[in-house]
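First the structure, in the form of structure tokens, and then the observations on it.
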Amino acid sequence: MDILFLLIPLSLLVMVVAAGAFLWAVKSGQFEDMEGPAHRILMDEDDPRIPHKRTADRLKEEDR
Amino acid sequence: MSHASEVRCYHCTLPVPPGLDFSVEIEGVAEPMCCAGCRAVAQAIVDAGLIDYYRYRTEPSQNPEQLVPQALRELELYDRPELQRSFVQGAGDEVREASLILEGITCAACVWLSERHVKALPGVLDFSVNYSTHRARVRWDDRRLKLSEILRAIAAIGYIAHPFDPDRQEQVQKRERSLALRRLAVAGLGMMQVMMLAVALYVGPEQGMEPHIVQFIRWVSLLITLPVVFYSGASFFANAWRDLRHRRLGMDVPVALAVGSTFAASAWATVTQGGEVYFESVTMFVFFLLTSRFLEMNARQRAGQAVEALGKLLPGFATRVRADGTEETVSVADLAPGDRLRIAPGAPVPADGVVLEGRSSVDESLMSGESLPRSRCAGDALVGGTVNVESPLLMRVEHVGQDTVLSGIQRLLERAQAEKPALARMTERGTGWFVLLILLVAGLAAGYWWTVDPGKAFWVAVAVLVVSCPCALALATPVALTAATGFLTRLGVLVTRGHALETLARATHIVFDKTGTLTEGRIGVHEVWSTGRLPDARCKALAAALETGSEHPVGKALRGLAQVHPPAEAQRSFPGRGIEARLDGSLYRIGTVDFVAELPEGPGPGAALQRQAEGLRRRWPDAGLVYLGGPQGLLAVFALGDELRPGAAAAVAALRGMGLEILLLSGDAPEPVARTAAQLGITRYQASMLPAQKLAAIEALQQNGAVVAMVGDGINDAPVLSRAQVSIAMAGGTELAQASADMILHTDRLEQLAVATERARSTLRIIGQNLVWALGYNVVALPVAAAGWLSPWLAALGMSLSSLLVVLNSLRLTLGNAPGPRRPR
């Protein structure tokens, strides 16, 4: 059971790192905008070389 | 009004007027555009290679206000150092940062578009837009690019950027929120770690865990709890100390007492290697309480972000006429009394003053809520913030800045806001007594055990304090309010002040304004009567033709009568009288009866027409009558006026069904008010009321113990909105009304008022249930602790279960059919 003397301080270290990361995120204003990142992911720039179904027909399906 | 083959603009989806042929090639297909503005923006988007915008967007784009070359030149003024000082950081350095607010954003794709477009400009280091508040931060290298170029690029894709100067209060709030989040994070992480270790302590000793391991775990728990108590919990101690100094017993006193003494006792137990440790309870208290405080703070701060800066009411720039007659563009901040200004049609009036030359009509809806512009000529007064509609005016400035009427009203509102009568929160009453009770029981229990088993007395007292901690109690109200507010926001009802829901639930009377609240506040055509010389459809087409290009609300309403009409030639506008134009070779006029009768050919108004006019006036007492005449004589009469909102009747019936007393107080003339009241089934109403009289009426009701909810939209309602215990503004209303109201109906649908009131009452009920449960738990647990039967795991279990139950109960408030996400206007 003496292994706990190593494991517990190790977990403490992880916790400190996690806390530090969180504090950094708060300080750099990442919690100001809660909706933005969700949308940004969907609209990230795809590789323009990837062919996609992007035609006037598809637009007509959507809009009309 | 839509025909089967109606063509809609690809960009903004408004109908394309027939005969127009704007189009932009998007991916090989020529897509139709409704105006030069949409075409310019679409072309800019295509040229920038950002067509993905049309793929991503979920809402139609806003029809871009075409920035006149004049306005574009004005953008250059933003490069001036004096102006930049107020909203640019690092003004004077090479790398500068500025805050902007963007107008015209309708969905997430708009944000994506503007970010991509601006970031692509050489010299822009960073540009990011907040999706919820539409505020942007831009960082650029001033050597390579000027701010005005950035603003111009934003305008090119159809959005308008205003410089934004967050006032001090907002910066304070931001700091507050950031600190609260950090404390919450530390408490949360600490709590999770300590609880894991605590489980080991619950079961370990029975399973033969060695004492040195137990000690180790205890010491580690102590170490982790230290920052939780002293960093995250610092505010409890500070507040409790402040309360004690003022001889008050607030919520923080038992919290500070419980946290402090439990921690101290557990530390003592760790050092002396005896007794019980309650570190997990301590960290749990701190975390739950910080959560509830955080939710409350969020609710409070929402007010500032819901309504955009009022400063936008006054324009940024004005055209000053120098003594020698030449004109210069200056910023409004540089104006002084005595300056002469030229105000173009469609432009807002920059400051209070007097008309020197010119004759036009001015939209004063910001002041009076009336949608019909009033005519103004030399000698008449102008109020800063109102909009000049028809023709250019020359004015002399009388008051600027703090002396303007607008500033005066804002100050009045701020003062009224501070004195606002609010009902006390349910939880704050009796807190002091609760605290005393706890302390008494703790003291009694300790005293009893002291006589029986002194060693146990201390631990029993600690146990009592542990269970007494008002965790669930503190969570009871904020969680319920947050859940209800979230539901209402999705419905389109924005709650901007914390007390609004609780007060709305207790409302006994509800007072409506008429124009703009119960009615649309827009001019529509009620009825058309033709003399028979020409068919109805032809009359409508002629009227629409005469009103092409008119900015007047009456003109806009008439334009909507027909989609297809002959082109108007030689169009001339006679302010205050009407419009004349040549259509299909003949001269036609539309406007007042005298103006139309002046046409060279055709007989004047006959008896039949008089009777018809009177009939129309009887049917629509508040309508304005507009006549159409041509070579055949008088052709038709149009009755125009304000229409009742579609949901008004249903809303009033629903609210009455909930037991509220409905009143209609309006500044309009008696007949229209009586008619509206009759249509809605309102028996208590009064007309021709001045704002001061409305205020007096509400105060009279309040003196009889009524809780008054007021629904309004105009600035003239603003002082009254502040006086009512809870006030609701329409989103289509003036910005000042929205800023002073406690709730805003974003979708302008009155039926949602009934839903909101119902939900507010549920909220109060659920808060009551939460409080009963929280107190019940305390009442049951207290004797258990006093009898010495409480162990750490029992305390932790009880606390987390009670908090969980409160939260789950509150989540019931998010249930229900909120119609899918509605785009606020």
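Residue-wise test of (1) at pLDDT 80 or above; (2) open to solvent by 30 Å² or more (accessible area, probe 1.4 Å); (3) in a helix (DSSP H, G or I).
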| site | (1), (2), (3) |
| --- | --- |
| B:GLY733 | no, no, no |
| B:LEU753 | yes, no, yes |
| B:THR763 | yes, no, yes |
| B:GLY768 | yes, no, yes |
| B:TYR777 | yes, yes, yes |
| B:LEU797 | yes, yes, yes |
| B:VAL807 | yes, yes, yes |
Subset of the range B:10-45 [under 20 Å from B:THR106 (Cβ atoms), within 35 Å of the chain's Cα centre (by Cα) and not aliphatic (A, V, I, L, M)]: B:TYR10, B:HIS11, B:CYS12, B:THR13, B:PRO15, B:PRO32, B:CYS34, B:CYS35, B:GLY37, B:CYS38, B:ARG39, B:GLN43
Could you grab me the full set of residues in the range B:120-158 that are in contact (Cβ under 8 Å) with a residue 24 or more places away in the chain, assigned to a strand (DSSP E or B) and within 25 Å of B:GLN62 (Cα to Cα)? B:VAL129, B:ARG135, B:ALA136, B:ARG137, B:VAL138
So which residues in the range B:28-42 are outside any strand (DSSP E or B) and crowded, with 18+ Cβ neighbours inside 10 Å? B:CYS34, B:CYS35, B:GLY37, B:CYS38, B:ARG39, B:ALA40, B:VAL41, B:ALA42
Please name all residue pairs, on different chains or six or more residues apart, with Cβ atoms under 8 Å, provided the first residue is in the range B:599-625 and is on the phi > 0 side of the Ramachandran plot and the second residue is at pLDDT 70 or above. B:GLY602/B:GLY629; B:GLY602/B:GLY630; B:GLY602/B:PRO631; B:GLY602/B:GLN632; B:GLY602/B:GLY633; B:GLY602/B:LEU634
Positions within the range B:562-592 being open to solvent by 40 Å² or more (accessible area, probe 1.4 Å), within 25 Å of B:GLN610 (Cα to Cα) and among the basic types (Lys, Arg), in sequence order: B:ARG577
So B:PHE237 clears everything in (1) surrounded by fewer than 18 Cβ atoms within 10 Å (Cβ to Cβ); (2) modelled with pLDDT under 90 except one condition, right? Which one? (2)
Take B:SER740 and tell me if it is of a type in the set (Gly, Ala, Ser), buried (at least 24 other Cβ atoms within 10 Å of the Cβ), in contact with a helix residue (DSSP H, G or I) (Cβ under 6 Å, 6 or more places away or on another chain) and at pLDDT 85 or above. no
If we take the range B:192-291, then helices (runs of 4 or more DSSP H) inside it with 3 or more residues that are in contact (Cβ under 8 Å) with a residue 40 or more places away in the chain and either within 22 Å of B:ALA476 (Cα to Cα) or more than 37 Å from the chain's Cα centre (by Cα) (or both) are B:211-227, B:252-272
Looking at (1) within 30 Å of A:ALA19 (Cβ to Cβ); (2) away from every other protein chain (no Cβ under 14 Å), which is the one condition that is false for B:LEU100? (1)
Please enumerate the residues belonging to the range B:536-558 that are small (Gly, Ala, Ser), under 34 Å from the mean Cα position of the chain (by Cα) and open to solvent by less than 10 Å² (accessible area, probe 1.4 Å). B:GLY555
Failed item, numbered, when B:LEU634 is tested on (1) over 26 Å from the mean Cα position of the chain (by Cα); (2) open to solvent by 30 Å² or more (accessible area, probe 1.4 Å); (3) at pLDDT below 85: (2)
Within the range B:109-129, the count of residues that are surrounded by fewer than 21 Cβ atoms within 10 Å (Cβ to Cβ) and either away from every other protein chain (no Cβ under 14 Å) or hydrophobic (A, V, I, L, M, F, W, C) (or both) comes to 6
Residues B:VAL203, B:VAL199, B:VAL228: which one is of a type in the set (Val, Ile, Thr) and open to solvent by less than 50 Å² (accessible area, probe 1.4 Å)? B:VAL228
Tell me, yes or no, whether the range B:209-217 has at least one residue that is out of contact with any strand residue (DSSP E or B) (no Cβ under 6 Å at 6 or more places or on another chain), among the charged types (D, E, K, R) and away from chain A (no Cβ under 12 Å). no
Qualifying positions in the range B:157-172 - surrounded by fewer than 21 Cβ atoms within 10 Å (Cβ to Cβ) and on the phi > 0 side of the Ramachandran plot: none
Determine which single condition B:LEU184 fails, assuming it passes every other condition in (1) among the aliphatic types (A, V, I, L, M); (2) crowded, with 21+ Cβ neighbours inside 10 Å; (3) in contact (Cβ under 8 Å) with a residue 60 or more places away in the chain. (2)
Check every one of the helices (runs of 4 or more DSSP H) wholly within the range B:445-518 and list those with 2 or more residues that are free of Cβ contacts under 8 Å to residues at least 24 places away in the same chain. B:454-468
Of all residues making up the range B:518-535, the number that are out of contact with any Leu (no Cβ under 9 Å at 6 or more places or on another chain) and either within 22 Å of B:GLY346 (Cβ to Cβ) or surrounded by 17 or more Cβ atoms within 10 Å (Cβ to Cβ) (or both): 2
Residue count, the range B:673-716 (criterion: among the β-branched types (Val, Ile, Thr), in contact with a Lys or Arg (Cβ under 7 Å, 6 or more places away or on another chain) and either without any contact (Cβ under 8 Å) to a residue 60 or more places away in the chain or open to solvent by 10 Å² or more (accessible area, probe 1.4 Å) (or both)): 1
Restricted to the range B:135-156 and to residues being open to solvent by less than 40 Å² (accessible area, probe 1.4 Å) and within 14 Å of chain A (Cβ to nearest Cβ), the residue farthest from the chain's Cα centre (by Cα) is B:ALA136
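For every residue, the table says whether it meets (1) at pLDDT below 80; (2) more than 30 Å from B:GLY768 (Cα to Cα).
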position	(1), (2)
B:VAL495	no, no
B:THR508	no, no
B:THR515	yes, yes
B:GLY521	yes, yes
B:VAL528	no, yes
B:ALA537	no, yes
B:LYS540	no, yes
B:ALA544	no, yes
Please enumerate the residues belonging to the range A:28-46 that are over 20 Å from B:ARG116 (Cβ atoms) and either at pLDDT below 80 or at the interface with chain B (Cβ under 7 Å from one of its Cβ atoms) (or both). A:PHE31, A:GLU32, A:MET34
Any chance B:ARG55 is within 14 Å of chain A (Cβ to nearest Cβ), at pLDDT 80 or above and open to solvent by 40 Å² or more (accessible area, probe 1.4 Å): yes
Looking only at the range B:86-105, decide whether some residue is hydrophobic (A, V, I, L, M, F, W, C) and in contact with a Gly (Cβ under 7 Å, 6 or more places away or on another chain). no
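The values are calculated or read from the model by the stated rules, or taken from the named source; none is laboratory data. The structure displayed is predicted, hence computed values, not measured ones. Methodologically, a virtual Cβ is constructed for each residue, glycine included, from the backbone with ideal geometry; neighbour enumeration extends over all protein chains shown. Quick note on the areas: whole protein, heavy atoms, side chains included, nothing else; ligands and nucleic acids left out. Shrake-Rupley method; radii C 1.70, N 1.55, O 1.52, S 1.80 Å.
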